[in-house]
1. Quick one: P(r) of the stretch 66-140 from all Cα-Cα pairs, 10 Å bins, percents rounded to integers, in order of increasing distance.
2. Kirkwood Rh over Cα pairs of the stretch 33-107 into Stokes-Einstein at 37 °C, 0.692 mPa s: D in µm²/s?
3. Report the full-extension gain for the segment residue 125 to residue 112: residue separation times 0.36 nm, less the Cα-Cα distance, to one decimal in nm.
4. Give me the one-decimal nm value for the distance between modelled label points at residue 36 and residue 140, 7 Å along each residue's Cα-to-Cβ direction.
5. Can you tally the net charge around residue 124? Count Lys and Arg as +1, Asp and Glu as -1, for every other residue whose Cβ sits under 14 Å from the Cβ of residue 124.
6. Amide H to amide H under 5 Å from residue 97: which residues, 5+ apart in sequence or cross-chain, H placed 1.01 Å off N in plane?
7. Contact order normalised by length for the stretch 33-107, with contacts defined as Cα pairs under 8 Å and 6 or more residues apart; what percent is it?
Amino acid sequence: LDYVERPGKKKLQKLGSFKKTFSDGMSEYEEEVRSYYLNVEGMSCSSCEAGLTKKTLALEGVAEASFSALLKQAKIKIDINKISIRKVIQELNGGKFSCALKEKSNKVDIRHTIEEECYHQKNRMMASLLMWIPIMILIW
């Protein structure tokens, strides 16, 4: 760990994370921000992304959050002194969404994701057509 002197306070730097020392007049505290990647299931549109982002940013200690419905993943930056990643995952799980920490070695293959999404969209289209035909027969 390297200590760097600053006027009136110290800044602590550590590899792999980001630390700042703050002074609020009465005490000093350190903010340590770390990035995490999550696999998120259940997102299907941009409104899901926006809702999850809003819900995540409302948690105390979350610095940044971005969700991608196409990649089915999220990148979240949190202050680990205020909130744990387990608490964030616990808050996001529920309803139609489920999330888990992404493995470091797990690379995203966008082609597989797109093929899977196309397969689901084709199935939805076929189901819609099968429902539409009887309705059109009844109307005529």
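Each reported figure results from applying straightforward, stated rules to the coordinates on display, with no laboratory input. The structure presented is a predicted model; accordingly, all values stated were derived computationally and were not measured. Positions of Cβ are generated from backbone atoms using ideal geometry, with glycine treated the same way; all protein chains shown enter the neighbour counts.
1. Computed distribution, short to long bins: 14, 31, 25, 16, 10, 4, 1.
2. 270 µm²/s
3. 2.7 nm
4. Calculated label separation equals 5.6 nm.
5. Its environment carries a net charge of -1.
6. When sequence neighbours closer than 5 places are left aside, there are no close amide H contacts.
7. Contact order relative to length: 40 percent.
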